[in-house]
Amino acid sequence: MWVRFEKGWADILKTAPSPITYMHMKEAMGRWPDTPFSYLNGWNQENAWTLVFKLAKFMSEFKNTELLNFSCVVDMSDWRKIHDDEGIDIPTEITLCNAYVPRQAVLTAARSLLKAHEGKQHIPLTPDDMIHIVFDRNEPFFGPFKNEWNAKKDEANRTGIASPWILVDSVTEGTMQTTPGIQAADILAWGLNRENTAPEGHYGTGLAEILRNITAGTWANINEDLLRQMIASNRSIMKE
């Protein structure tokens, strides 16, 4: 599937107004002179968005068992209200989103594997069954998640208790310019940022909603209500 995805992605990039080898939303929307998306090379808002929608349509052509989008958005004004103003100890946005997006992907893959081998007492794992998680370089999420992955795998090996974490074969960093999967994630991330920070009606504010409608996946939006539910749940556990 990734071979098909990367080839199709590259073919669409070849239809761009000027030669490019990768997609990066910030550069495509900024069109600065020192980037491949420079207005000096013929780029403008119209043809930049044409390329974005071609890539989005391409993502929609994959079955929901092949390509899934998971996302997590934390309302930082709500987070600061509770953490900074009220002095309540709550997890960081990195911890919150690492607890959702990569874990959700791992659990989804584990469920898919179990379904494929339903009724079997022993599931023979092959290299194709293993998960490889790739973060963009310099992401603050990478280090904490890799540490948690190592701890979970050590625990599974020590206790012998089956865990979906044993399906994760590697947690590494990739280079956005050479990794189409990260470029696709960048389109989603840019759209989510615009949806939550730009004034309603500004360009790009509807991109995330379009992607939600044309691709499969799940979405977490962590606001004040959800944060307070987490706090109440933790207090209940501590009392017990």
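Quick one: in the range 21-47, which of the residues that are in contact (Cβ under 8 Å) with a residue 60 or more places away in the chain and either in a helix (DSSP H, G or I) or β-branched (Val, Ile, Thr) (or both) is farthest from ALA185 (Cα to Cα)? Among those residues, the one meeting the criterion is GLN45. Checked against the criterion of being assigned by TED's automatic domain parsing to the domain that holds PRO140 and over 29 Å from PRO140 (Cβ atoms), the candidates ALA116, ALA110 yield just one match: ALA116.
When each of ILE231, ILE222, ILE182 is tested for being over 22 Å from LYS57 (Cα atoms) and buried (at least 18 other Cβ atoms within 10 Å of the Cβ), the lone residue that passes is ILE222. Checking each residue in the range 9-34 for being under 20 Å from LEU207 (Cβ atoms) and more than 19 Å from the chain's Cα centre (by Cα) picks out ILE12, LEU13, THR15, ALA16, PRO17, ILE20, GLU27, ALA28, MET29, GLY30, ARG31.
Here ASP129, ASP136 are screened, and the one residue that is surrounded by 14 or more Cβ atoms within 10 Å (Cβ to Cβ), farther than 19 Å from PHE70 by Cα and charged (D, E, K, R) is ASP129. If only residues of the range 95-124 that are more than 20 Å from GLY217 (Cα to Cα) and either touching a Cys at 6+ places or on another chain (Cβ under 6 Å) or β-branched (Val, Ile, Thr) (or both) are counted, the one that is surrounded by the fewest Cβ atoms within 10 Å (Cβ to Cβ) is ILE123. When LEU207, LEU188 are checked against the criterion of being surrounded by 15 or more Cβ atoms within 10 Å (Cβ to Cβ) and in contact with a Gly (Cβ under 7 Å, 6 or more places away or on another chain), a single residue qualifies: LEU207. Restricting the search to helices (runs of 4 or more DSSP H) fully inside the range 133-240 and requiring at least 3 residues that are among the acidic types (Asp, Glu) gives 142-159.
The values are calculated or read from the model by the stated rules, or taken from the named source; none is laboratory data. None of these values were measured; they are calculated from a predicted model. Don't worry about glycine lacking a Cβ; one is built from the backbone with ideal geometry, like all the others, and counts go over all protein chains shown.
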